[in-house]
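**Q** Provided herewith is a single structure, encoded as structure tokens, for subsequent inquiry.
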Amino acid sequence: MTSSFRLPTGGRVDRSTELAFTFNGEALTGHRGDTLASALLANGVHQVATSVRLGRPRGIVAAGAEDPSALVQVEEPFPEPMLTATTVELHDGLVARGLPGQGRLADEPDPARYDAVHAHCDVLVVGAGPAGLTAALTAARAGARVVLVDEQREAGGSLLGAPERLDGAPALDWVAAAVDELTAHRDVRVLQRTTAFGHYDDGFVLALEKRTDHLGAQAPANRARQRVWRIRAGHVVVATGAHERPIVFAGNDRPGIMLAGAARTYLNRYAVLPGSEVVVFTSDDAAYAAAVEIADAGGHVAAVIEARAKAPAHWAEECARRGIEVRTGHVVTGTSGTDRVTRAHVAMLADGVVGPRTGIACDTLLVSGGWNPTVHLYSQARGRLRYDAALGAFVPGEEIDRASVAGSATGEFTLAGALRSGHDAARRALASAGLSTEGLPAEPELPVTDPEPPAQPTRVLWSVPDPDPDAGHGDQRFVDLQRDATVGDILRATGAGMRSVEHVKRYTTIGTAHDQGKTSGVIASGIVAEALGVDVGELGTTTFRPPYTPVAFAALAGRDRGVLHDPVRVTAVHDWHVMHGAEFENVGQWKRPWYYPQDGEDLETAVLRECAAARESVAMMDGSTLGKIDVQGPDAAELLDRLYTNLMSSLKVGSVRYGVMCGLDGMVIDDGTVIRVADDRFLVTTTTGNAAKILDWMEEWVQTEWPELRVHLASVTEQWATIPLVGPRSRDVLAAVAPDLDVSNDAFPFMTWRDTGVAGVPARVCRISFSGELAYEVNVPAWDALAVWEAIFAAGRQWGITPYGTETMHVLRAEKGYPIIGQETDGTVTPQDLGMAWVVSKKKDDFVGKRSFSRPENLRPDRKQLVGLLPVDGDVLLPEGGQVVEVDALSQPPVPMLGHVTSSYRSAALGRTFALALVRSGRERVGQTLYVPLEDELVPVTVTDSVLFDKEGSRRDG
Amino acid sequence: MQLIACPHCGPREETEFHYGGQAHVAYPAGNATLSDEEWGQFVFFRDNPKGPFAERWVHSAGCRRWFNAVRDTATHQILAVYRQGEPKPVVA
């Protein structure tokens, strides 16, 4: 592969840089400005990959994102699968190989950084071709804030791939001047290498900017490799150009078969001659330019195979002048070749009948069946499409709010027309964004184009009949090269009765590959329509969905990876827990100490030890994650009366009450303590996981139903640190750290609170218990939490004070039958089901949920009720979630389920295992033996009251 | 992603908001006298029209205030927004 197809002059590549790269193990070189595809073609490499299902050699079909076949795996600088050679910018040290359809994800972490940027503008222009540049210039000159995004490394669009002239000079001079003018505007941002891949409601567009991919190993480590732009635009101008449409024929997938427009791009932009012996097959005028330019550049064009009866006069003359044969009324019916096309089979096509074929030797076969406007972004935003029978393409229908289409994306394929439509779209955009066009001249100042030859209508030809359908090699007329899906596959789908292109797409997989059918989708619609004898316009296309081009998950994730994926909340005492070897449990976003293993203890041993300390001496925990809501205002008590099942207005300042909240349906949604700070002020606690939800719930009622209530709510969860101090010795410890407080039972009884100094810090101490033991809850400002924690810990040392975690807390409360909302409840459990009818006020006329308690469903005697379960074998620990059944042997299913185990622990105090469960008619079943099926046995359990320890409450006062 | 015009803050991204179901369904006072069916209708049933629908929204990641909006359920287009307590505007 030593032959070079690089022309000595011309193109947009920098011949002064030589970039070394490796493809399929072979060392090659190219230039700055190349894509991997153009560099491969310059080295004469046409076969890039093999196909996914059939293993057929595949080459480079297009010069951009629409390429259906040139899939590569990049190995260096970082492994990345499934990239198209046509969109990988060449850089020094690139190592890549062709893919047999599927790639390999990196098995190492991606060291690159990814980021996201927000931008707001009046007008977003997508595409920096002639239409997009004109639109951006027009909007910028009117003073609009403009963002222009373009997927290529430099602006110009189609002008990069064609030797067009504007104002009598090379068109790229005009492009350079336009970009200079745009970048000089203060409120204009031009983003190259940036692909708008999603267009959503209200002018919202996502675009992927590739910042360092083209630098390879030289990419600076401090720069994000890619970033996602989240652009909110007053108006979006879609100037995304058009994709050339191939014509499908047998053997159309061989390397060396390329779209004619792509060949022009390789020739003009990259100065690469796509082949030496060229045949052009077209049903459209545009391909003639490829034939003429290749001939002028020194390639030999053997023939132009013109599917139409007559060649356009201007181009026929140009071909004749260069000695290029034009065979009208002919088509390519097939090809020969192994790794590359070697021969085009050509025959007359009249009335759908293929005549006798002749062969034309070639190493390159260029194809054009017309152009499809790139309507993806327009359609994604729910713009309707209309079929244009003359173009054989779907074009934008009537405009939608906040988006316009310009240039060849509208089906306007002349340069003069593109410039004009870019200007017009910008004017509509300015009007839509509510901006003045006063500063603009009445007549647009557009560059002058060279006269274009009269156009001859395109012949819409989706596919050429297979001249040899019985050859036994299967259909080789590939519609979707990446999926190895053929005309025959489509006909099988319609033959099986499918009538919708969406169904055919899913049956054949056409359009589901990395390219999402950019070259195959409309052809597939056309072939389906022909097969069914319906109008293509009626049939329509499959839906265009984001993303327009593949986007790496890493880019979408941006910085939200690893520790930044989700915020981690820690308490003010967190570092102490870490230093003391705590294992942590995630509760919502909080890290809570789970247990504190000592000397190699496992969870079970540590928890038994922690529980014993709490029941026998003294223990402490960090309860700071409890939700806390400050409720203030003259109507604070009234609000709480309406939201809690029990009465809160009767609570005295200085006292604490436990409360339950229900939804309108009467189901428990949260519980916690309420302390009355003043006549018009309460502090409400919620479960850790429900803090935000309950604040929202209270706000919703205050704002939407009872706006007359004078009450304000604020979260103070993070402001207060909370330290439960538990056990028979807790009073001694508290007395030691709170010298000003009379801790006697008479002076400081159960369910009261006192403000006092703890370890010299102003504190609020509540006498409440979640364990049944004598217990206190010390609340201090979070800032002082560590000092107070350490003081309590030091004061308790003489009684062996033991820090405990959430697991011990769970065991202690479960022994007392205290439910955990979200564990014992699941949104279908009433307070009565929990055996807590006592918490439901009978005095109040109404509160949220009250009316539902008398619904017949909630009065059924066979509702699931909270009970205790004692495994007959006190060593067996039931799994939480285990089903409860009545039968001692599992019969044929269905086996009636009575309920399930909600909590299950090993108890130090009981010297055995126990569980809580929701069981149908549970309270009636106390004393019964039920069964919990495990994998291979039925565990017998005795139903008990839910309170298993110290039923009399004798331990509460110490 | 839609823009939703919070009547207190102005247009903001959809992700800043939470949905609160049908608007103008008042909590029934004196509900003890409602039949089970009437109460069930209030708790569990809401309209589900195709077309303009008055809904409650809350600007939860912004001003945290509830407001009402008329949204066309077929197009998602928000036809009007109005503050809590204001009457439902007439939308064509």
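**Q** Please tell me if A:ALA196 is touching a residue at least 12 places away in the same chain (Cβ under 8 Å), within 20 Å of A:ALA224 (Cβ to Cβ) and out of contact with any Leu (no Cβ under 7 Å at 6 or more places or on another chain).
**A** No.
**Q** With respect to the numbered conditions (1) free of Cβ contacts under 8 Å to residues at least 60 places away in the same chain; (2) over 12 Å from the mean Cα position of the chain (by Cα); (3) within 12 Å of another protein chain (Cβ to nearest Cβ), which one is the sole condition not fulfilled by B:GLY10?
**A** Status for B:GLY10: all satisfied but (3).
**Q** Could you pull out the residue among A:ALA763, A:ALA794 that is among the hydrophobic types (A, V, I, L, M, F, W, C) and either buried (at least 18 other Cβ atoms within 10 Å of the Cβ) or under 46 Å from the mean Cα position of the chain (by Cα) (or both)?
**A** Exactly one residue qualifies, and that residue is A:ALA763.
**Q** When you go through A:THR486, A:THR571, A:THR508, A:THR549 one by one, which is the residue that is farther than 27 Å from A:ALA242 by Cβ, at pLDDT 95 or above and β-branched (Val, Ile, Thr)?
**A** A:THR571
**Q** Looking at segment A:146-153, is at least one residue surrounded by fewer than 21 Cβ atoms within 10 Å (Cβ to Cβ) and either modelled with pLDDT of 95 or more or outside any strand (DSSP E or B) (or both)?
**A** Yes: one or more hits.
**Q** Here's another thing I want to ask about it. Taking the stated definitions as given, is A:VAL631 free of Cβ contacts under 8 Å to residues at least 40 places away in the same chain and touching a strand residue (DSSP E or B) at 6+ places or on another chain (Cβ under 6 Å)?
**A** In short, no.
**Q** Within 30 Å of A:GLY727 (Cα to Cα), surrounded by fewer than 22 Cβ atoms within 10 Å (Cβ to Cβ), out of contact with any Asp or Glu (no Cβ under 7 Å at 6 or more places or on another chain) and more than 14 Å from chain B (Cβ to nearest Cβ): does that describe A:GLY822?
**A** yes
**Q** So which residues in segment A:867-903 are in contact with a helix residue (DSSP H, G or I) (Cβ under 7 Å, 6 or more places away or on another chain) and aliphatic (A, V, I, L, M), if there are any at all?
**A** Result: A:VAL867, single match.
**Q** Would you check which residues across segment A:211-258 are of a type in the set (Gly, Ala, Ser) and under 30 Å from A:ARG402 (Cα atoms) and list them?
**A** Matches in segment A:211-258: A:ALA233, A:GLY234, A:ALA239, A:GLY241, A:ALA242.
**Q** Let me ask something additional. Go through segment A:649-715 and tell me which strands (runs of 3 or more DSSP E), entirely inside it, have 2 or more residues that are within 34 Å of the chain's Cα centre (by Cα).
**A** Correct list: A:668-678, A:712-715.
**Q** Something else now. Might you check whether a residue that is part of a loop (DSSP other than H, G, I, E, B), closer than 30 Å to B:HIS59 by Cβ and either modelled with pLDDT of 95 or more or among the aliphatic types (A, V, I, L, M) (or both) occurs anywhere in segment A:741-756?
**A** no
Residue-wise test of (1) in contact with a His (Cβ under 6 Å, 6 or more places away or on another chain); (2) within 26 Å of A:VAL72 (Cα to Cα); (3) surrounded by 16 or more Cβ atoms within 10 Å (Cβ to Cβ).
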{"site": "A:VAL448", "(1), (2), (3)": "no, no, no"}
{"site": "A:LEU461", "(1), (2), (3)": "no, no, yes"}
{"site": "A:PRO467", "(1), (2), (3)": "no, no, yes"}
{"site": "A:ALA471", "(1), (2), (3)": "no, no, no"}
{"site": "A:GLN476", "(1), (2), (3)": "no, yes, yes"}
{"site": "A:ARG492", "(1), (2), (3)": "no, no, no"}
{"site": "A:GLU502", "(1), (2), (3)": "no, no, no"}
{"site": "A:ILE510", "(1), (2), (3)": "no, yes, yes"}
{"site": "A:ALA513", "(1), (2), (3)": "no, yes, yes"}
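**Q** Moving on to the next point. How do the pairs read when you match residues in segment A:692-707 that are closer than 12 Å to B:ARG56 by Cβ and facing chain B (nearest Cβ under 8 Å) with residues anywhere that are small (Gly, Ala, Ser) and exposed (fewer than 15 other Cβ atoms within 10 Å of the Cβ), using Cβ under 8 Å and keeping only pairs 6 or more apart or on different chains?
**A** That search, which allows pairs on different chains as well, returns A:GLU705/B:ALA26.
**Q** Could you list all residues from segment B:26-62 that are more than 11 Å from every other protein chain (Cβ to nearest Cβ) and either in a helix (DSSP H, G or I) or surrounded by fewer than 16 Cβ atoms within 10 Å (Cβ to Cβ) (or both)?
**A** B:GLN41, B:PHE45, B:ARG46, B:ASP47, B:ASN48, B:PRO49, B:LYS50, B:GLY51, B:ALA61
**Q** Just one of A:GLY234, A:GLY203, A:GLY216 is surrounded by fewer than 22 Cβ atoms within 10 Å (Cβ to Cβ), under 34 Å from the mean Cα position of the chain (by Cα) and at positive phi; which is it?
**A** Step by step, each of A:GLY234, A:GLY203, A:GLY216 is checked, and only A:GLY216 is surrounded by fewer than 22 Cβ atoms within 10 Å (Cβ to Cβ), under 34 Å from the mean Cα position of the chain (by Cα) and at positive phi.
**Q** Hey, another quick one. Taking A:ALA524, is it under 16 Å from A:ARG492 (Cβ atoms), assigned to a helix (DSSP H, G or I) and in contact with a strand residue (DSSP E or B) (Cβ under 6 Å, 6 or more places away or on another chain)?
**A** Here the answer is yes, as A:ALA524 does meet what is asked.
**Q** Write out, first by first residue and then by second, each pair whose Cβ atoms fall under 6 Å of each other, whose residues are 6+ apart or on separate chains, and whose first residue, in segment A:851-879, is within 19 Å of A:LEU664 (Cα to Cα) while the second is surrounded by 16 or more Cβ atoms within 10 Å (Cβ to Cβ).
**A** A:ARG851/B:ASN31; A:ARG851/B:TRP39; A:SER852/A:ASP665; A:SER852/A:GLY666; A:PHE853/A:GLY666; A:ASN858/A:GLY666; A:ASN858/A:THR830; A:ARG863/A:ASP833
**Q** Now a separate question. Do we find a residue being hydrophobic (A, V, I, L, M, F, W, C) and over 44 Å from the mean Cα position of the chain (by Cα) anywhere in segment A:924-936?
**A** yes
**Q** While we're on this one: Is it true that some residue in segment A:122-145 is assigned to a strand (DSSP E or B) and either of a type in the set (Lys, Arg) or surrounded by fewer than 24 Cβ atoms within 10 Å (Cβ to Cβ) (or both)?
**A** yes
**Q** All but one of (1) buried (at least 24 other Cβ atoms within 10 Å of the Cβ); (2) without any contact (Cβ under 8 Å) to a residue 40 or more places away in the chain; (3) in contact with a Leu (Cβ under 8 Å, 6 or more places away or on another chain) hold for A:VAL395; state the number of the condition that does not hold.
**A** Unmet for A:VAL395, out of (1) buried (at least 24 other Cβ atoms within 10 Å of the Cβ); (2) without any contact (Cβ under 8 Å) to a residue 40 or more places away in the chain; (3) in contact with a Leu (Cβ under 8 Å, 6 or more places away or on another chain): (1).
**Q** Another question about this same structure. Please find, within segment B:63-86, the residue that is farthest from the other protein chains (Cβ to nearest Cβ) out of those that are assigned to a loop (DSSP other than H, G, I, E, B) and under 16 Å from B:GLU13 (Cα atoms).
**A** Filtering first and then ranking leaves B:CYS63.
**Q** Then there is this: Name the one entry in A:GLY434, A:GLY383, A:GLY417, A:GLY422 that is over 35 Å from the mean Cα position of the chain (by Cα) and outside any strand (DSSP E or B).
**A** Just a single option satisfies the conditions, and that option is A:GLY417.
**Q** Under 9 Å between Cβ atoms, which residue pairs at least 6 apart in sequence (or on different chains) link something in segment A:207-232 that is away from every other protein chain (no Cβ under 14 Å) and without any contact (Cβ under 8 Å) to a residue 40 or more places away in the chain with a partner that is part of a loop (DSSP other than H, G, I, E, B) and of a type in the set (Val, Ile, Thr)?
**A** Close Cβ pairs satisfying both conditions: A:PRO220/A:THR212.
The values are calculated or read from the model by the stated rules, or taken from the named source; none is laboratory data. Predicted model, so just to flag it, every value in this text is computed and none were measured. Virtual Cβ from ideal backbone geometry, glycine too; neighbours counted across all protein chains shown.
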